[in-house]
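First up is the structure itself, then whatever we jot down about it.
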Amino acid sequence: MKFYLRKQVGRHNQKTLRMISGMSVLVVMSSMVHAEIVIPDSGTITQQLSPEQFKEIPKTDQQYFGSDPSQQNYSQDQTPIWVTKIQIEGNQQIATTILHDLVKSLENKNNVMADLQFGAEKITQYYKKQGYFLAKAYLPKQKLENGTLIIRVLEGQLGKVILNNQSKIKDKVIQRYTDQLPHHQALQQQQSNKTLLLISDLSGVGQIQANLQAGEQTGQTDLVLDVLEQQTWFGRIGIDNSGSRYTGKYRLSGYLESNSLLGYGEKLSAQLLGSNQDLVSGSLNARFPVTGTGLWLGGGYSRTQYELGEQFKQLEAKGRSENYNLNLVYPLIRSQKSNLNLKLLAEKRKLFDEIAVTDTETFKQIEASRIALSFSRMDDWGVGEIKGGINQLELITTIGNLDIQSPSALNIDRLSARTQGSFNKYELKLARQQRLTASSWFTSELYGQLASKNLDSAEKLSLSQMRAYPAAEGLGDQGWGVSINFYYQLTPWLNTYLFQDFGRIQQNKNPYLNDKNTRALASTGIGFGGGSQDFDYNATLAWRTTSAAKSDQDQQPRFQFGVGWRF
């Protein structure tokens, strides 16, 4: 009994202390509200996780097959040749009537040999314009009977594919792609290039060398394909100061990926991040090629744990988030200059937040389906000898549902933001990279979001590119942002750039507070970045040109850096 009484007394004291602590926290929280500071939750914190990841040097998309300029030597013989009718043989891919229209002007008249050769060349060039880059029309040896001229077409049929695989990818995986080429049919430039580009997209492929050689039968061509190996392991260890004061300003991150470790052209990756306070985040991702037409199946899992410090330390606030996703990616267009990808993603998020001093726990779950179209196109636009650039466009539609599983949090939500239930949102990203001179270029990006209703913090738009502000400063249901950078290459290992960021957000789609619901942010500054051997580095110094930061300590200017070692 004595033990029981002591236990009860202990519990009573703990409860009293917690009540006193809770009252003091309420005072702190009320001052935070007056200062327009929002207590971060797991959704807000995941928005801040943007460490410098390992950026593999992209493979250059080759133009494997193309039409070589014709170097036809025309006969100088001026002997007249009467042609009554032209007969075309060997064509399967293009109708005879179409080809005949190209040369019918030679009928019922005298022609010299050069005229007839030029007629055959017109058919050859027509084939090449349709993408049949190996096709050739020629005049076979013949005796013109009754004035009938025969023009024979060799359409350039594929005989067989000879695979010389020096990578770790299994032969049968690569053969799934080469089987897409129509054997014993005319090779078409667009389809052939697409197939080889899809093979080059496989993880574990370093380079592809494609050569053509005469086939076993007349008119056939064999494809000799050399697949070279890519380095199996890539990784990066980095440090930056892009975190927040309440979860740790300084962050150490590690990234590791394998390319075709299992021999299927797959990519496996893992990432881990930790801060100088109680923030730990990690993720595992995998993607596998499924078919020889370029379809990929991917999946991932990530987990983040945090405990708030600094100005929020008295709250004893902590939480975690988990994310599961499956995705399919298919290349609708795959070429050297233009690419269009369709991505379908199913995602589940589990969010948990706790404020110990007030015994507040919030469990939430978000299920979302996303469909994305990503388009890119290279061009030669520009002024002067050095020109060229790339346009990128991404459209994302999200259909989701938020389930607030804590009754108290659900009641508060019903009286305030009303985020519970189904939601839709639409995202846009538009970017341009433009070469100006041999040592200068600029990049620009426009991004934005529209929402059907008030969103949970995990689904809000983040103006994360405002480099004069903390990472989670601009969160809103709707808004847009623009970032412009002008780069100049100082040395092979160092470039400098000037930048301007600006954007505007609507904090709540449907306002429920009397506070101002919109906010504009802008910043300008200078940066330095580059790489030397196995290291990369970047630093920015940014000045805000709008109101002071509210989500974290305001700095004017704000200095951020990131350094990484690649292996």
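Structure above, values below:
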| item | result |
| --- | --- |
| So LYS160, is it surrounded by 14 or more Cβ atoms within 10 Å (Cβ to Cβ), in contact (Cβ under 8 Å) with a residue 12 or more places away in the chain and within 33 Å of the chain's Cα centre (by Cα) | no |
| Wholly within the stretch 117-166, strands (runs of 3 or more DSSP E) carrying at least 2 residues that are over 22 Å from THR218 (Cβ atoms) and either modelled with pLDDT of 95 or more or in contact with a Gly (Cβ under 9 Å, 6 or more places away or on another chain) (or both) | 157-165 |
| In the stretch 381-415, residue farthest from SER439 (Cα to Cα) [restricted to those that are assigned to a strand (DSSP E or B) and either modelled with pLDDT under 95 or aliphatic (A, V, I, L, M) (or both)] | ILE404 |
| Criterion violated by ALA468 - all others in (1) under 30 Å from SER532 (Cβ atoms); (2) surrounded by fewer than 22 Cβ atoms within 10 Å (Cβ to Cβ); (3) of a type outside the set (Lys, Arg) satisfied | (2) |
| Failed item, numbered, when TYR255 is tested on (1) under 30 Å from ALA186 (Cα atoms); (2) out of contact with any helix residue (DSSP H, G or I) (no Cβ under 9 Å at 6 or more places or on another chain); (3) of a type outside the set (Lys, Arg); (4) buried (at least 19 other Cβ atoms within 10 Å of the Cβ) | (1) |
| Residue in the stretch 299-319 that is at pLDDT 95 or above, more than 27 Å from ASP240 (Cβ to Cβ) and either out of contact with any Cys (no Cβ under 7 Å at 6 or more places or on another chain) or of a type in the set (Gly, Ala, Ser) (or both) present | yes |
| Identity of the residue in the stretch 515-556, surrounded by 15 or more Cβ atoms within 10 Å (Cβ to Cβ) and among the aromatic types (Phe, Trp, Tyr), that ends up farthest from LEU498 (Cα to Cα) | TYR537 |
| Members of the stretch 163-188 that are crowded, with 21+ Cβ neighbours inside 10 Å and more than 18 Å from LEU295 (Cα to Cα) | SER167, ALA186, LEU187, GLN188 |
| Only one of GLN449, GLN465 that is of a type outside the set (Val, Ile, Thr), part of a loop (DSSP other than H, G, I, E, B), assigned by TED's automatic domain parsing to the domain that holds ALA522 and touching a Gly at 6+ places or on another chain (Cβ under 7 Å) | GLN465 |
| Any hit, the stretch 542-550, residues being part of a strand (DSSP E or B) and without any contact (Cβ under 8 Å) to a residue 40 or more places away in the chain | no |
| Boolean, PHE559 is part of a strand (DSSP E or B), aromatic (Phe, Trp, Tyr) and surrounded by 14 or more Cβ atoms within 10 Å (Cβ to Cβ) | no |
| Selection from the stretch 308-360 of residues that are closer than 20 Å to GLN48 by Cβ, surrounded by 19 or more Cβ atoms within 10 Å (Cβ to Cβ) and in contact with a Leu (Cβ under 8 Å, 6 or more places away or on another chain) | LEU308, LEU315, ALA317, GLY319, SER321, ILE355 |
| Qualifying residue in the stretch 475-483 (condition: touching a helix residue (DSSP H, G or I) at 6+ places or on another chain (Cβ under 7 Å), at pLDDT 95 or above and assigned to a loop (DSSP other than H, G, I, E, B)) | no |
| Pairs where the first residue, in the stretch 425-446, is aromatic (Phe, Trp, Tyr) and the second is outside any strand (DSSP E or B), C-beta under 9 Å, 6+ apart | TYR426/SER452 |
| Residues of the stretch 287-307 classified as surrounded by fewer than 18 Cβ atoms within 10 Å (Cβ to Cβ), assigned to a strand (DSSP E or B) and in contact with a helix residue (DSSP H, G or I) (Cβ under 8 Å, 6 or more places away or on another chain), total | 0 |
| Number of the exception - ALA114 against (1) modelled with pLDDT of 90 or more; (2) under 48 Å from the mean Cα position of the chain (by Cα); (3) surrounded by fewer than 18 Cβ atoms within 10 Å (Cβ to Cβ) | (2) |
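For (1) touching a residue at least 60 places away in the same chain (Cβ under 8 Å); (2) at positive phi, each residue gets a yes or a no:
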site: GLU310; (1), (2): yes, yes
site: SER321; (1), (2): yes, no
site: TYR324; (1), (2): no, no
site: ASN327; (1), (2): no, no
site: LEU332; (1), (2): no, no
site: ARG370; (1), (2): no, no
site: SER374; (1), (2): no, no
site: ILE386; (1), (2): no, no
site: ASN391; (1), (2): no, no
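The values are calculated or read from the model by the stated rules, or taken from the named source; none is laboratory data. Predicted model, so just to flag it, every value in this text is computed and none were measured. Note that we place each Cβ from the backbone using ideal geometry, even for glycine, and neighbour counts take in every protein chain shown.
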